Amino acid sequence: MKIDPQELESLAAYKLALSLIVPRPIAWVGSRSPCGTDNLAPFSYFMGVSTKPPSLAISVARGRGGTLKDTAKNILETGVFTVSMASYALSQQMVATSAQMDPDISEFEAVGLTAVDGELISAPRPADALASMECRLVHSHDMESTHLLVGEVLRYHLADEIIREDAKGHRVVDLQSLDAIGRLGGREYCRVNESFKIQPQK
Ligand SMILES: Cc1cc2nc3c(=O)[nH]c(=O)nc-3n(C[C@H](O)[C@H](O)[C@H](O)COP(=O)(O)O)c2cc1C
């Protein structure tokens, strides 16, 4: 089957892309409004884009009526944000933070999560997250329906229990311990705790 994306109405285009581009890691993004309200929301249009400097990108679509979602508004106004990896143990709370809430309501309080302030930036992260990154906005691209936001990672916060050394003594995150979840199409998720190895051909 060939599909011309131009012919799809927006919900159909959304559903097709979400079910096709899988699995997607979930950035659980913490930001703060200029008047000091903490915000937390998940974004699965998320990827690492560089390791030097360590950088990541998220895409924040416009909300209803074309208005900016709180996350995009806060990041564009303050220039900083945190990204935490969503683990299975916190998956219910992660989804709860995706509910549309008034800008003066903190999702942390609404879903019962403790916020920890950044060490280098003024943006919150969930205290219970096993892995978080403090980021500074280095690039924003307004794609009309969406803002692509690129952040440089200034600091990693990693729970000791998720770190192990690999065969060469490098610190790496242990897959089982992080127990990250990924987003699939619709309301489906996967649990990233199974893997297999492929040795490169010599
Ligand atoms: C797992 C998950 C992934 C999501 N990914 C995105 C995304 O990549 N881009 C986006 O604009 N919204 C995404 N959403 C929806 C936002 O989380 C939602 O619009 C939220 O209310 C935005 O919050 P804010 O207004 O506080 O920024 C996702 C929701 C869930 C549950």
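Observations on the model:
- When the stretch 137-162 is filtered for residues that are closer than 28 Å to Ala89 by Cα and crowded, with 16+ Cβ neighbours inside 10 Å, the ones remaining, listed by number, are Leu149, Val150, Gly151, Glu152, Val153, Leu154, His157, Leu158, Ile162.
- Residue check, Ala41 crowded, with 16+ Cβ neighbours inside 10 Å, within 30 Å of Glu194 (Cα to Cα) and hydrophobic (A, V, I, L, M, F, W, C): yes
- Candidates Ala86, Ala72, Ala57: the one that is closer than 23 Å to Val173 by Cβ and within 9 Å of the ligand (Cβ to nearest atom) is Ala86.
- Residue satisfying all of: in the stretch 44-54; surrounded by fewer than 16 Cβ atoms within 10 Å (Cβ to Cβ) and not in a strand (DSSP E or B); farthest from the ligand (Cβ to nearest atom) among these: Lys52
- Number of the exception - Pro103 against (1) of a type outside the set (Asp, Glu); (2) in a helix (DSSP H, G or I); (3) modelled with pLDDT under 95: (2)
- For the stretch 1-38, a tally of residues being of a type in the set (A, V, I, L, M) and buried (at least 18 other Cβ atoms within 10 Å of the Cβ) returns 3.
The values are calculated or read from the model by the stated rules, or taken from the named source; none is laboratory data. Please read these numbers as outputs of a predicted model, since none were measured by experiment. A quick note on method: Cβ atoms are made from the backbone with ideal geometry, for glycine too, and the neighbour counts reach across all protein chains shown.
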